[in-house]
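Please read the structure below before turning to the comments.
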Amino acid sequence: MTIEMENFLYELKKQAGQTHVLKDTYESLTPDEQDKVSNLAPSSQPMPPEQHKTIFEWYEQMQKKLGIINKT
């Protein structure tokens, strides 16, 4: 694997971690606050739970296809 690919996976993993924090914070909001966040977001912007799901699926798929075992 190239250093560029390793760097990309590293950054993707960091992004996945950040989306996890954002999802947890979003979920701690009241339903009214979640509605406000949703209404003020750009129309093409998925909400944090969807972002979290998408990025973790992407990261896990890349690990699987590249034969990487996550040792945490």
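Each reported figure results from applying straightforward, stated rules to the coordinates on display, with no laboratory input. Computed from a prediction, not measured in an experiment: that's the story for all the values here. All Cβ positions, even for glycine, are placed from backbone atoms using ideal geometry, and neighbour counts span all protein chains on display.
Descriptive notes on the structure:
- In this rough spin-label picture, where each label sits 7 Å from Cα along the Cβ direction, the Met62-Tyr10 distance is 1.3 nm.
- Close Lys pairs in the range 13-66, defined as Cα atoms under 15 Å apart and 8 or more places apart or on different chains, number 5.
- The packing ranking of peptides 36-44, 5-13, highest mean first, is 5-13, 36-44, where packing means the average number of other beta carbon atoms within 10 angstrom of each residue.
- Counting only DSSP H runs of at least 4 residues, each contributing -39500 (n - 2.57), and dividing by the residue count of the chain, the helix-based mean residue ellipticity at 222 nm comes to -25500 deg cm²/dmol.
- Vicinal HN-Hα couplings computed from phi for the range 50-67 (Karplus, 6.51 cos²θ - 1.76 cosθ + 1.60; Hz; Gly/Pro x): 6, 4, 4, 4, 5, 5, 5, 4, 4, 4, 5, 5, 5, 4, 4, 5, 8, x
- Here the Gaussian network model covers the chain, with springs between Cα atoms less than 10 Å apart; of Thr19, Thr30, Thr54, Thr30 fluctuates the most.
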